[in-house]
Every structure is written in structure tokens, then in C-alpha cells.
1. Quick one: Kirkwood hydrodynamic radius for segment 262-354, alpha-carbon pairs, angstrom, one decimal?
2. Give me the accessible area per residue for the chain, probe 1.4 Å, as a whole number in Å².
3. What dipole magnitude, in Debye to the nearest 20, does segment 207-296 give about its Cα centre under +1 on Lys/Arg Cβ and -1 on Asp/Glu Cβ?
4. Under the rule of at least 5 residues apart or a separate chain, name every residue whose amide H is placed under 5 Å from the amide H of Val101.
5. If Glu312, Glu160 are ordered by their accessible area, calculated over protein heavy atoms with a 1.4 Å probe, which sequence runs from highest to lowest?
6. Among DSSP beta bridges lying fully in the chain, give the percent that are antiparallel, nearest 5.
7. If you take the beta carbon distance between Asp286 and Phe100 as r and set R0 to 51 Å, what does 1/(1 + (r/R0)^6) give as a FRET efficiency, to the nearest 0.05?
8. Ignoring everything except DSSP H segments at least 4 long, calculate the 222 nm mean residue ellipticity for the chain; use -39,500 (n - 2.57) per segment, divide by total residues, nearest 500.
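The values are calculated or read from the model by the stated rules, or taken from the named source; none is laboratory data. From a predicted model like this one, the values you see are computed outputs, not experimental measurements. Backbone-built Cβ (ideal geometry, glycine too); neighbour counts: all protein chains shown. Ligands, DNA and RNA are excluded from the accessible area calculation, which covers all protein heavy atoms including side chains. Shrake-Rupley method; radii C 1.70, N 1.55, O 1.52, S 1.80 Å.
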Amino acid sequence: MKASILSFSLRGALLGKNIAKFLESVGYETEMWTMEKYSEESKVRAYAIDYKETTREAFQTSSCLVYVGATGIAVRPIAPYLVSKKDDPAILNVDEKGNFVIPLCSGHIGGANELARALAASIGAIPCVTTATDVNGLFAVDEWAARNNMVIDGLFEAKEFASSLVAGKEVGAVIDDGFVVEGQLPKLVVNSREPEVGMCITIDKSKTPFKTTLRLMPKVLHLGIGCKRNTPLERIEELVLPKLAELNIDLRTVAGVASVDLKKDEQGLLEFARKNNWPITFYTSDELNELEGEFTPSAFVKSIVGVSNVCERSAVKDAGHHNLLLKKTSKNGVTLAIAIEELSLDFTKTGLKK
């Protein structure tokens with residue numbers, strides 16, 4: 001992750017260096033800029049052209065922007081580049097004396113609210129969080145989902161969910177079997193299908209238990225894939241994509257792809273993972289053979305790669321949990337299995353994304 005810090009005075013530039021230390025401590029790479037006349041004394045880089053051009057570039061490269069100065073000087077340059085709370089980076093404003101930290105955009109999904117609280121605590125400032133759920137001490141579903149690596153399927157539904165809470169109405173919660181809930185549900189969130197508005201934590205993209213259903217889809221699925229030598233990308237897609245569609249699985253819930261290390265130079269498999277922006281991990285035959293449990297055996301596969309089943313064992317190894325959603329299935333020399341991670345849901349869990 002990358003953060004850009006823009007300042008407009010000597011005091012702001014010096015404060016920006018303290019902000020950078022905090023951001024680096026929570027996993028950000030930082031870049032800082034200030035006005036040319038303050039650059040030499042503060043040892044902070046001067047804007048190459050001006051802060052508006054730096055803002056344009058930062059929107060393309062950074063997941064967090066911090067403006068150290070007046071709110072107005074932050075709002076004007078960001079305005080042309082704002083798209084939606086789903087896409088915009090977290091944007092914070094800090095006054096040059098470090099009295100207040102204000103999350104301006106992407107408070108929940110982008111993490112600006114939580115970042116503002118943590119940054120304020122670090123520099124001794126007051127966080128000024130103005131989103132309705134936070135002001136009223138209510139469950140911020142979009143922030144919680146983002147913190148817990150879930151896909152938020154429907155910004156309109158997320159808005160309706162939050163609006164219902166702010167209006168004092170109960171909202172429902174339906175959670176897939178197998179997911180464990182730790183502790184209590186948040187205030188006004190009930191384990192019921194009766195409310196018109198509710199959230200559904202699921203891997204099924206077609207599930208709609210409420211009139212207005214906000215689907216939260218955790219990234220917990222792991223694809224174990226085996227294939228013959230020199231299998232092209234298209235042949236892998238011919239098996240995997242229709243099978244995911246048949247199971248109503250959204251591609252965004254896939255956490256990774258796995259196979260045996262004999263396939264680590266298999267171009268079709270590598271292209272498949274890269275095309276979908278999924279990490280791919282290769283395990284040795286010894287690592288796969290160490291797994292306990294029942295797997296679909298193949299003497300032929302074992303004679304070739306040293307393990308009797310590649311797809312099921314790879315999926316389970318990658319998921320860290322022996323829960324096969326799909327056992328071995330095959331087509332045209334490609335095999336697929338899908339395993340699901342163990343998932344415990346804690347509605348008090350927040351914290352900075354790293």
C-alpha cells in the first residue's frame with residue numbers, strides 16, 4: 001500500500017513527517033511533498049509542478065492521501081477525481097498544528113475512518129468522524145466487511161442497510177452454514193428473516209433472503225487445479241468458469257489457486273491465475289502427501305507427480321481446512337477441486353488494513 005502526504009507550510013511539512021512515520025508503522029509506503037519554499041528546511045520534496053498535479057498522480061498510485069492544511073485546500077484538488085466510495089482512496093485532512101484529523105472520503109470501505117482514529121491517537125489529535133453510523137454508535141457494515149476481506153455486493157443495498165439502522169429499524173442477518181459467529185450480533189441486527197432489509201454473509205451470489213439483501217461475500221474459496229503438460233488457458237477456463245457459475249460462486253470470493261510444484265512453469269495455469277488477479281501457490285508432493293483425510297486417488301497421477309491427487313489436496317492445503325465444497329471434477333485433461341476456509345465472524349473486529 002502507498003500513501004501520499006501533501007503539505008502547504010513549514011509546520012505542515014514537519015507534521016507530515018510524523019504522519020509518515022505512523023503510516024509506515026501500519027504497513028504503508030509513503031511519499032511526501034510540500035511547497036518549494038519550505039522544501040529545503042523541512043527536507044521534504046517540493047511539488048514537481050503543483051499540488052493539483054501531484055493529487056492527480058496520487059489518485060492513480062496511492063490507497064491513501066493525507067492533506068496537511070486547511071480543509072478547503074484538500075477538497076478543491078480532489079474534486080475532479082472522485083468516483084465512488086467503492087473506488088476512491090482513503091482521504092484524510094489534518095490541520096497544520098495537528099489538532100484534528102478529518103476523514104473526507106472512503107470513510108468505511110477505504111478505511112479512512114479507522115485510519116483517522118488511529119492517526120489521531122498517534123499524534124495526539126481529535127478524530128472528526130461524521131458518518132451517520134459512527135455518530136450514532138451503530139454497526140458500519142461496509143467498513144466491517146472491508147476489514148474482514150469480504151466483497152460488498154451492492155452499494156445501494158449497503159446504503160439501505162445503513163439508513164435502516166440510523167432510522168432505528170432492525171435489520172436481519174442470514175449467515176451460511178459452516179461460518180461461526182463469535183459473540184453477539186451488533187445493535188439492531190437480528191438473526192431473523194423478518195426485516196425487509198438485511199445482510200447475507202454467503203458465497204452464493206444468488207442468495208436473497210430479504211426484500212433488500214446486502215450480500216457480503218468472504219474471500220475464502222481455494223481452487224486446486226491439476227492439468228496435463230502444456231494445457232492452454234482456454235482449456236482450464238472451459239472447466240473452471242462454468243463450474244463456478246453452476247455453484248453460484250462469484251469469482252471475487254476466490255482467495256487463491258493452488259497446484260503441485262511440478263506445474264509451477266505451466267503457462268496456461270499461470271495465465272489463468274494472472275488473468276483473474278488470483279495468487280497462485282505451488283506445493284511439493286511431500287507437502288501434499290502429509291495431509292490427512294480422504295481424497296480421490298489416482299495411481300496414474302501418483303506415478304507422474306508423486307501424489308495420488310493434485311486438485312483436492314492442493315485446494316485443502318491452500319485453504320488450511322479440510323472442507324471440500326467440490327471434490328475432484330475433470331474435463332479435457334484438467335482437474336478441479338474447491339476448498340473453503342474455516343471462517344469465524346467477530347462483529348467487533350476492526351483494525352487497520354495492512
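1. Details: mean 1/r = 0.0672 Å⁻¹.
That comes to 14.9 Å for segment 262-354.
2. It amounts to 48 Å² per residue over the chain.
3. Numbers: 13 positive and 14 negative charges, 133 e Å.
Taking the Cα centre of segment 207-296 as origin, the dipole is about 640 debye.
4. Residues meeting the amide H criterion: Ile126, Cys128.
5. On the way: Glu312 0, Glu160 60 Å².
Of Glu312, Glu160, the descending order of accessible area is Glu160, Glu312.
6. On the way: 21 of 61 bridges.
Beta bridges within the chain, antiparallel portion: roughly 35 percent.
7. On the way: r = 56 Å, r/R0 = 1.11.
Between Asp286 and Phe100 the formula returns 0.35.
8. Details: 13 runs with 121 residues, N = 354.
Value at 222 nm, helices only: -10000 deg cm²/dmol.
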